[in-house]
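Read the structure below first, then the notes.
The values are calculated or read from the model by the stated rules, or taken from the named source; none is laboratory data. The structure presented is a predicted model; accordingly, all values stated were derived computationally and were not measured. Cβ coordinates were reconstructed from backbone atoms using ideal geometry, including for glycine residues, and neighbour counts include every protein chain displayed. Just the protein is used for accessible areas: all its heavy atoms, side chains included, with ligands, DNA and RNA removed. Shrake-Rupley method; radii C 1.70, N 1.55, O 1.52, S 1.80 Å.
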Amino acid sequence: PMGSIIVCGSAGSAILGYIAIFHRYELVSPALWMGTIGITGYALLSTALVAISQHKLPFVQKVLTLKWMLLAGKYSYGMYVYHIFIIFAIRHYLVSFSSLRLDLGVRFGFPVIILAIIIEMVVVYLVAKVSYDLYEARFLRLKKYFKPK
């Protein structure tokens with residue numbers, strides 16, 4: 001029912017909004033708030049978004065059928081599988097690079113962290129696309145042999 005969707009979406013948005021306003025650094029470097037109640041906020045908001053997608057509202061359908069959204073859905077499994085390895089590798093490189101420069105007083109600030117997140121997202125997307133094109137698509141073609149009778 002739409003009432004439950006509104007309650008979930010509002011509660012999730014309120015939780016994430018609170019964290020974004022009062023603990024904004026946790027949006028790029030999760031700690032206490034994002035690691036606890038932030039997960040609940042994401043779960044509530046995600047539940048509301050999935051539920052609202054089933055109502056066939058014109059605005060929601062328009063957003064969900066944008067080309068980049070369809071591509072993200074197509075490659076989402078690869079993003080799910082590879083993201084943690086890629087993010088850890090990139091962050092390990094950045095930390096080792098910064099430790100060489102600590103004697104010069106160079107520290108990564110908020111803009112550099114945002115840039116790193118954007119780079120991580122692009123690399124994860126590209127790896128997922130290559131994985132889909134070279135690996136997953138071949139398995140998906142086998143589905144025609146396993147249709148239910």
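Taken together, the residues in segment 72-111 that are part of a helix (DSSP H, G or I) and either touching an Asp or Glu at 6+ places or on another chain (Cβ under 6 Å) or modelled with pLDDT under 80 (or both) amount to 15. A count restricted to segment 42-76 and to residues that are free of Cβ contacts under 8 Å to residues at least 24 places away in the same chain, surrounded by 13 or more Cβ atoms within 10 Å (Cβ to Cβ) and within 26 Å of residue 18 (Cα to Cα) stands at 2. Say whether the condition of being closer than 21 Å to residue 13 by Cα and of a type in the set (Phe, Trp, Tyr) is met by at least one residue in segment 66-78. Taking every residue of segment 66-78 in turn, none turns out to be closer than 21 Å to residue 13 by Cα and of a type in the set (Phe, Trp, Tyr). The residues of segment 107-143 that are closer than 24 Å to residue 72 by Cα and of a type in the set (Lys, Arg), listed by number, are 129, 138, 141, 143.
Any residue that is open to solvent by 70 Å² or more (accessible area, probe 1.4 Å), at pLDDT below 90 and either farther than 27 Å from residue 15 by Cα or in contact with a Lys or Arg (Cβ under 8 Å, 6 or more places away or on another chain) (or both) - is there at least one of those in segment 112-133? No, the conditions are met nowhere in segment 112-133.
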